[in-house]
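Data first, discussion second: the structure below is written as structure tokens.
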Amino acid sequence: MIASLEDLLEQHAWAALRISGADQTAWNGEIVEAGEGILGLAHWDGTLHLDREYILDPLRDLYERAGEPRSEAELLRCREALVTLLHEQSHFLGPADATQEAARAAFKLPGGRALEEGVAEAWALDRLNDYIRELDIDKVAPGILHVRSEPSYAAFVPAVRLLASDLDRLSGAPGGETLDLLNRQTAEGQWRQAVTRIYHSTQLPHLVPPDQAPAVRLHLEQALRSSFKGLELYEPLPRGFAASRSQAAATRTLTLLHQELTTAERHYTPVPRPSRIHLSVPATPVGDSAAPAGTSAPSQRLTPSDSHQAALHAFAGVSPPTACTPARPTASAKPLASTGTATTARDLER
């Protein structure tokens with residue numbers, strides 16, 4: 001049972017690790033008081049920096065007045081301290097082979113900071129109640145599960161939520177799965193993971209030649225990174241204005257993304273080759289055109305055996321034989337020099 005601020009700070013990182021499902025945390029176990037103007041900071045060396053007035057003091061108060069009734073304002077203050085704690089710990093989470101050096105380099109690339117901070121804040125807000133229950137804080141501060149706070153990073157969070165929801169829909173995943181997946185990555189793997197999910201939700205893996213797939217994926221990643229880099233322009237704006245701009249920008253980005261995916265699928269879809277087989281219709285025999293008035297020209301009939309042979313000849317590029325019954329000459333007609341018939345046929349074009 002956690003009974004003090006010191007116990008909470010000792011256990012808080014492992015609670016974040018458990019509810020996230022990540023392989024590891026890069027936290028080195030050290031916590032120092034943050035400098036002026038910093039609420040919380042996950043330093044690249046693994047040290048956690050926390051502000052005394054807004055983070056450490058409210059969390060200490062949780063245990064000094066354990067179980068006592070608190071006003072909504074007091075509960076909100078505690079909740080905001082906890083979401084900052086969880087947000088900073090989410091920066092330390094990653095897969096087993098992740099390093100802080102690689103994460104730091106990726107964080108500086110276009111769109112890296114916007115995605116990393118947006119994912120950390122959105123995920124921390126969504127999973128805060130799970131975190132509170134994991135640490136039994138709801139027993140120390142009754143009512144804390146029911147108050148709500150506004151998110152930080154208003155320029156990033158709406159765009160991240162739209163992207164994550166769209167990827168859930170494209171891949172047929174339950175709501176929230178993509179956000180959890182991205183949160184288990186460091187900045188090094190987040191964009192790669194997002195593009196992988198987008199790519200495999202289309203027909204492109206079955207259409208694009210293997211040697212061209214990396215270039216297609218890189219094109220998609222660069223387009224998304226560029227769009228998220230632009231979100232930094234909204235950071236100085238008031239919270240509500242920044243959030244609306246973020247959502248509008250992400251909507252435009254996703255519309256263009258879907259158009260790009262459709263164009264790529266069309267480009268790589270094989271065009272059906274037209275058939276080059278042309279079967280000709282046997283010509284009308286010359287002798288049949290002179291049938292006397294009042295009589296009907298004899299019909300041409302092929303037996304089943306003849307039909308089969310004609311088909312074989314046609315697909316072999318040979319004029320099929322034509323079976324016919326010559327017209328019976330009238331009394332005044334002179335016998336023809338030959339009883340054969342004239343036919344024409346077109347071979348297979350080559």
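For region 1-25, a residue qualifies if it is hydrophobic (A, V, I, L, M, F, W, C) and in a loop (DSSP other than H, G, I, E, B), and the qualifying residues are Met1, Ile2, Ala3, Ala22. Of all residue pairs spaced 6 or more apart or on separate chains, none has beta-carbon atoms under 7 Å together with a first member in region 239-262 that is without any contact (Cβ under 8 Å) to a residue 24 or more places away in the chain and a second member that is β-branched (Val, Ile, Thr).
Can you spot a residue in region 41-57 that is touching a residue at least 60 places away in the same chain (Cβ under 8 Å) and out of contact with any Asp or Glu (no Cβ under 7 Å at 6 or more places or on another chain)? Within region 41-57, one or more residues are touching a residue at least 60 places away in the same chain (Cβ under 8 Å) and out of contact with any Asp or Glu (no Cβ under 7 Å at 6 or more places or on another chain). Ala155 falls short on exactly one of the conditions (1) outside any helix (DSSP H, G or I); (2) without any contact (Cβ under 8 Å) to a residue 24 or more places away in the chain; (3) buried (at least 19 other Cβ atoms within 10 Å of the Cβ), and that condition is (2). Considering region 203-221, the residues that are surrounded by fewer than 18 Cβ atoms within 10 Å (Cβ to Cβ) and touching a residue at least 60 places away in the same chain (Cβ under 8 Å) include one that is farthest from Leu170 (Cα to Cα), namely Leu207.
Checked against (1) modelled with pLDDT under 70; (2) in a helix (DSSP H, G or I); (3) of a type outside the set (S, T, N, Q), Leu261 meets all criteria but (1). Residues that are of a type in the set (Phe, Trp, Tyr), modelled with pLDDT of 95 or more, surrounded by 11 or more Cβ atoms within 10 Å (Cβ to Cβ) and under 18 Å from the mean Cα position of the chain (by Cα) are absent from region 237-255. Of the residues that sit in region 64-123 and are under 27 Å from the mean Cα position of the chain (by Cα), outside any helix (DSSP H, G or I) and among the aliphatic types (A, V, I, L, M), which one is surrounded by the most Cβ atoms within 10 Å (Cβ to Cβ)? If we take residues in region 64-123 being under 27 Å from the mean Cα position of the chain (by Cα), outside any helix (DSSP H, G or I) and among the aliphatic types (A, V, I, L, M), then Leu93 is surrounded by the most Cβ atoms within 10 Å (Cβ to Cβ).
Taken across region 57-70, residues that are of a type outside the set (Gly, Ala, Ser) and in contact with a strand residue (DSSP E or B) (Cβ under 9 Å, 6 or more places away or on another chain) do occur, with at least one present.
The values are calculated or read from the model by the stated rules, or taken from the named source; none is laboratory data. Owing to the predicted nature of the structure, the values given are computational and were not obtained by experimental measurement. Neighbour counts are summed over all protein chains in view; Cβ atoms, including those assigned to glycine, are modelled from backbone coordinates with ideal geometry.
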